[in-house]
Amino acid sequence: MDPVVTELPRIPLAGVIGHPVAHSRSPALHGFWLRRYGIKGHYIPMDVAQFDLAEALKILPRLGFVGLNVTIPHKEAVLHLADIVTDRAALIGAANTLIFRKDGKIHADNTDGAGFMANLRQHAPQWQPQSGPAALLGAGGAARAVVAALFEVGVPEIRIANRTRPRAEALRADFGAKLTVYDWTQAGQMLDGAALVVNTTSLGMAGKPDFHVPLDALDRRTVVTDLVYNPLDTDFLIQARARGCHTVDGLGMLLHQAAPGFERWFDRRPEVDDATRQAVLSA
Ligand code: NAP
């Protein structure tokens, strides 16, 4: 008689693809959540060169992967390889979360904006979309996600200054007249009367040039947040606090943007709390 073969359920796998990828904090974060909730699954960092991207997206689902986070330089390219792209990922022009569906289709989303907003709501609950204009320093990929999220919740006006002005002009072309472009040399003045100020540039990040925008125009009622989270307490946030402003660091955005992917892949909404922050900081 043939032995009865029982098919064991597959252990769900997820991971982050980038090039390089060794710096990513996502494995520590998802690893913490997997252990916390006793989920039999794994989250793996994978260094994938541009040349191998299409092949990797074909093979990984067959190996048991249920989805991926995507980081630099693949965030734009995956949009062309996905079967379904959410409206917000299309508007932002980049995806950071992929879901490999059971029907074989690849679903691409961008959760950076939702992560930004959840972080702000958690750590600056006094800030309201109607509080006044938001001022953004920078117009890169992360800025696009922040702009989309701020307009979605009803911020009346966004001011934006970027070293390379055409990049900011491109945002205005995509998001419309409620977005005003300032010259990079006017970035300091742009902060006058802003209810929220966001650094979306890489200035102040470890290994990058120092943050150098003058903050004299900041009002103490302004909420100030940085997307940079390495270091956690940036010069920009330290200077803003010295002026009496309430500040929010960028780590919470990283934690919150990860939660929707984890929920889709492992069927459990993870909690973003102090223990989660500590797990990532001490990794
Ligand atoms: P990106 O697309 O490469 O954009 C970089 C931005 O920084 C651009 O606006 C760029 O201006 C500006 N910049 C770079 N060097 C500058 C300099 N010397 N002087 C003035 N401006 C300069 O990168 P991104 O994906 O938007 O990421 C931006 C930052 O956000 C990074 O530090 C990243 O780690 C952080 N981030 C954090 C999270 C989170 O979860 N907390 C999520 C996403 C990104 P130009 O256009 O003139 O080059």
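No lab work stands behind these numbers, since they all come straight from the coordinates. Bear in mind the structure is a predicted one, so any value in this text is a computation, not a measurement. Cβ: placed from backbone, ideal geometry, glycine included. Neighbour counts: every protein chain shown.
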*Hey, in the GNM for the chain with a 10 angstrom Cα cutoff, which one of G141, G67, G113 fluctuates hardest?*
G141
*Given the options G41, G250, G154, which has the most mean-square fluctuation in a GNM of the chain, springs set between C-alpha atoms less than 10 angstrom apart?*
G154
*Please state, rounded to one decimal and in Å, the Kirkwood hydrodynamic radius that the range 190-266 gives when every pair of distinct Cα atoms enters the mean of 1/r.*
13.3 Å
*What size of dipole, in debye to the nearest 20, comes out for the chain about its Cα centre when the only charges are +1 on Lys and Arg C-beta atoms and -1 on Asp and Glu C-beta atoms?*
220 debye
*Longest DSSP-loop-exposure-free segment, GluC sites (Glu not before Pro), the chain, at most 14 other Cβ within 10 Å*: 77-270
*Quick one: putting +1 on the C-beta of Lys and Arg, -1 on the C-beta of Asp and Glu, what dipole do you get for the range 20-98 around its Cα centre, in Debye to the nearest 20?*
460 debye
*asked:* Only helices at least 20 Å long along their own axis, judged from Cα atoms, and with Kyte-Doolittle mean hydropathy of -0.5 or greater: name those in the chain from DSSP H.
replied: 251-266
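Can you classify the range 86-196 as rounded, prolate or oblate using the Cα gyration tensor, where a ≥ b ≥ c are the square roots of its eigenvalues, rounded means a/c under 1.5, and otherwise it's prolate if a/b beats b/c and oblate if not?
Since a/c reaches 1.5 but b/c is at least a/b, the shape of the range 86-196 is classed as oblate.
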*asked:* Placing +1 on the Cβ of each Lys and Arg and -1 on the Cβ of each Asp and Glu in the range 1-108, which of P73, L53, A14 has its Cα farthest towards the positive end of the resulting dipole?
replied: A14
*With +1 on each Lys and Arg Cβ and -1 on each Asp and Glu Cβ, how big is the dipole of the range 102-251 about its Cα centre, in debye rounded to the nearest 20?*
140 debye
*asked:* With a 10 Å cut-off between alpha carbons and a GNM built on the chain, which of D226, D52, D87 moves the most?
replied: D52
*Cα principal axis extents for the chain, largest first, Å*: 83, 38, 35
*Over 28 Å between C-alpha atoms is what I'm after, so list which of K40/K105; K75/K105; K58/K208; K40/K102 land there.*
K58/K208
